[in-house]
Structures are given as C-alpha cells and as structure tokens.
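The values are calculated or read from the model by the stated rules, or taken from the named source; none is laboratory data. Remember, it's a predicted structure, so these values are computed and weren't measured experimentally. For neighbour counting, all protein chains shown are included, and Cβ atoms are generated from backbone atoms with ideal geometry for every residue, glycine included. Accessible surface areas use protein heavy atoms only, side chains included; no ligands, DNA or RNA. Shrake-Rupley method; radii C 1.70, N 1.55, O 1.52, S 1.80 Å.
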Amino acid sequence: MIGTRTLLEEFHRGEFLDLLEFPKQDDTFQSSASLREGTDIVQPSGVPINEDGTAFHVDDGAFAESLRSRSSPPHFAESCVQYPSDDILSKYGLEDDCPYPATPQARALLWKYCLATAGASWHAASLLTANVRADVAIHWGGGRHHAHASKAGGFCYVSDVILAIQRLLHGNDDQIDARMLRFSGEGTSCGATVAPIQQRNLSSRRILYIDIDIHHADAVQAAFYATDRVLTVSFHRHSPGFFPATSGSISEKGEVGTSGFGYNLNVPLPAGIDDLQFIHIYRQALFGLGRVYDPHAVVLCVGADGLEGDALISGSLGNGSVTGEGWTLSPEGLAECVRIAAAFCAGFNEVDICVSPIDKKIEEKNLSSSERVDGPDNEHFHNVKPDKQNSGNILKLLILGGGGYTPAQTARTQLLCTAAACEGARPGMFWSELPRDIPCHEYFPRYGPLFELVSEQKKKEIFASYLVEVQNEDMSNCDRQILREAGRSIALSVMYIDHQRRNQTPQKLTFCYDQVMEKDYEMELLDCSRHKKNSSISGGGRRRKKKKIETLSRIHDGS
C-alpha cells in the first residue's frame, strides 16, 4: 500500500505539502499485500510508474547528490515549477539536514518516498486493528519523529509515527484505509473526501508510545501534548546543543489545563549509559506505565543512533576526537528492549519476562552450582526456549525504526530486533535460530572486524543482570543524579496516571509535579543523610510514602 496526499493531510498542513508534492498530479501505483498465517513480511509493493508504463527508478547516488548540490536554483522550465525562495524553505525546515531537492527528478523521488513511508506505517497500524491474526507489525523505514505539521527537521520530512498512532486510535475502520491508501490500478484514492482527524470522533482507545531513539521525539510530543489518548514516553539525550535543542526537558508534562497534562514523560539520560542501566530504567517505564495506563496498543520507536560508536552521534569528528554525547548501547541491548515490549504485549508479566534463561534451564535439570559456572558457549545457555503461559491482556505492538548512522550496525540491530519481537510474542520462536556470524554477502566487509551477527556474551550479561541489582559505580555523581531523577520522574508519572485513572475526574485535579518532586527530593536527601550517619531511626520509608499519599489526598480534596 502507498499513501496518498489525503493521508498526509491528516496531520500535515496543505501549504507544506504543496512544497513537497511533485509533480502536482496523482500517480499510479501497483500494490498487493496479504497476511498469511504465522510470520509475514508485508511490504508496500507499489512501484512508481513513468508515463510510458515502465518502473520509475533514480540512482541513489544521483538523488543524494541532487539534495546536496543546491548552490544555485535549477531551471524548472520543463515542469513549469518555480523554485521556492530561501526564506520559504527556511520557514518550512527544508534546509540543512532536510534539504530541498535541486532537480525535478529528485523532487519526484522525495515525494514518492514521503508517500511510501507514511503509507507503510499507516498500513502496518491498520493490520493490527483489522480482524486478522496480527499481534506485531514492523516498519523499519518508519520512525520519522521530528517532522512537524508544517516543518521538516532531523532528516524527517513527514511524520509516519503520528499518522500510525492516529490509525491505531481509530480501531477497526476499513473505510479510512480505503481513503488513505492507493490500491492496485487506482489513479487516486478511493472514497469520498474525509474530514481531518481532529474533526472526527475517535474511539476511547489509548496508545502508549515509547521512543528509545537517542533524540527526543519532539514532533510526537507536540502532536499529542493536549490529549490523554496517547501517553508519550521518550528516552533521549538532553544537553546544550544536542538536537532538538528546544524540547525534551523532564519538566514537559503535557499542556496545562487540558486532559493531556501528565500524559507526556521525558526521560533524559546521561551520555555513556550502557545496556544494563538503560534496560533497568526502560523496564520501570514500560511495566509501571503499562500497568496503570492500560493501553490498547504500544508503539515502539527503535533508533539505532544510541549504539556505541554511531557515526553521527558518538563517532569520530576527525583527529581521533569523539563527541562524548552518545550512549554505549549494543544491538543486543536494543533487541532485549524489543523482546521485553513484545512479551509484555503478549500478556506475560515482568517476573516471567525478565528472567535468566541459564537459571531456568539449570532449574529444570537440577544442575549443581559447580555446573553453572560456564562461559557463553555453555550448551545450557543455548537452545533455551521458555515455556510460560501468558496471564495478562493481549496488546498490539507496532515497531518503527528511527535514527542510525552506521549502516552495517543499524542493519544488524534491526535484524536482531525483528527476531526479538518474534521471540517475545512467541517464546521459543527464535531463541537459538540465528547464526552467530554474519552470512557472506555483498556488504560483508562492512561488518568487520568481528563479523558477529549476535554476541552471546552480551546476551549472557543482559540476562545475568536480572539476578542482581544494576550498579552505577562507574558513573559520575552528576550522571547518577540524572538517573535518579529519571527513575523518580517515572515513578511520579505512574502515581499520577494511576490516580487519574482511578478517579476519572481530571478537571478537578490540580496536581503539581514541581511541589511533589521537591518534597520527594528533600526526603531523599534526608534519607541519604541518615544512612551516612548510620542512624537507627526507623520508619523513614513509611513516612516518605505517607507524605506522598497525603499529597495526593489533598489534591483529590481540592485543597
């Protein structure tokens, strides 16, 4: 399925799309997709068609060069299109990392890319709402979370993320799909013109959006900042000069005075955070917020730009220097985040999800402790297929891509995440099916020097961390404080949303995050002081909990 301009107009403004659309006419696409039993690859099969009926094709290198070379406006006489002024392009963000194509051919390809990206994510979301057996849908070409309604940014021209979330909010509505997607043999979208999504009545469905790209999901936050139908959670770096510089603060909780207040959570994380630390804080958000918010579907945006050594974020700047702003995650770490989300959506609880497969295997075979001390090649670590029955609600999971600027590393990550999504939703499906080494293919040299597809040592470290408390001794005091603030912010959001959901009277509440966080921080300082002095005072934890309860009680009473 390929998107239409009608689909893009669900979120983007017409004057912005007028700049992107080229040529100013509907094209014909071919498409066919069917969902078979089991695991399916559903791809937008529409191929842009030239006037002579042949497949439209532009060399990728030529297209990239046309985007870069815009020193002087090209001559568009043959297409009767006037080239926009620099002021117009700047107004709509069509510069720098989102350049405006220099040639008509490149403009046509960019427009088709926008339609394909948005259409694929919308179609993936529609598969999760249709009356078919689809629990997880993946579109790695999506995740364009920086595109605003009338402004491009951060390599994102159109926001497939927001459109996909809107589709999930609709539930099972085939008529909308018919209006937003092009089908085989149709020159235009079928059906009558549909009103913008803001003017139509949406169902009472709730969507939990979690973004683990290293950049803040600024456009997604802005789109749903005033509604409680979408709970937006973004894990990212937030520091001076780090993109996007104008959003991502932990204080951004939703628009005050609307139902969206309290339903936006930013979780800034320090540079250098590793797999174990990241997964620990990620689990707090997913299981805590998933429990109290009780969503109908989860959308997970998985960027690979938080990987250690990413070329853009933490790679070399020349002369051996590095930015110092990146995370140190591994593909296995991101894949574990995906597995946890898929298992959560499949109805498994945290105790069953976050468990070491080594220990489970040993427990089943009653092995002695001496037999447990083995390396990652231990046969008991491999071929472990958990056999647990899900006990919670079944949720739909939509996985989208994101950043990632080291191609080989990003490709490996997305493959592992795809396998992890299958493993989480159907335990045992891919637990030991993946080869350890990269198969030989055209781009094999790019995967050196290790040429590993999956690191069993990394997997072992991640699973072993579920048995012990994650340590942060190697972090600075400032970074440890950032992690504490992140955990506290998640806990406060869980507490607030739980209170909202129980009372269902948000208009009567005047919850003040700053006051509660200030009191919570004061209590933590007092608690630390007591530990340092080895005081025998007891009941501090109970008094702290009592203060939080009293605060919520005063809020509920309107005092």
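For the residues E433, E469, E461, E452, the requirement of being of a type in the set (D, E), open to solvent by 50 Å² or more (accessible area, probe 1.4 Å) and closer than 20 Å to L286 by Cα singles out E469. Only one of the listed residues (G93, G141, G119) is open to solvent by less than 20 Å² (accessible area, probe 1.4 Å) and not in a helix (DSSP H, G or I). That residue is G93.
Annotation: of all residues in region 106-155 being among the hydroxyl-bearing types (S, T, Y) and at pLDDT 95 or above, the one that is farthest from R182 (Cα to Cα) is S150. Just so you know, in region 417-430 the residues that are in a loop (DSSP other than H, G, I, E, B) and hydrophobic (A, V, I, L, M, F, W, C) include one that is surrounded by the fewest Cβ atoms within 10 Å (Cβ to Cβ), and it is M429.
Residue-level check: of (1) outside any loop (DSSP other than H, G, I, E, B); (2) modelled with pLDDT of 90 or more; (3) hydroxyl-bearing (S, T, Y), S370 misses just (2). In region 214-251, the qualifying residues are those that are charged (D, E, K, R) and in contact with a Phe, Trp or Tyr (Cβ under 8 Å, 6 or more places away or on another chain), and the one that is nearest to I279 (Cα to Cα) is R237.
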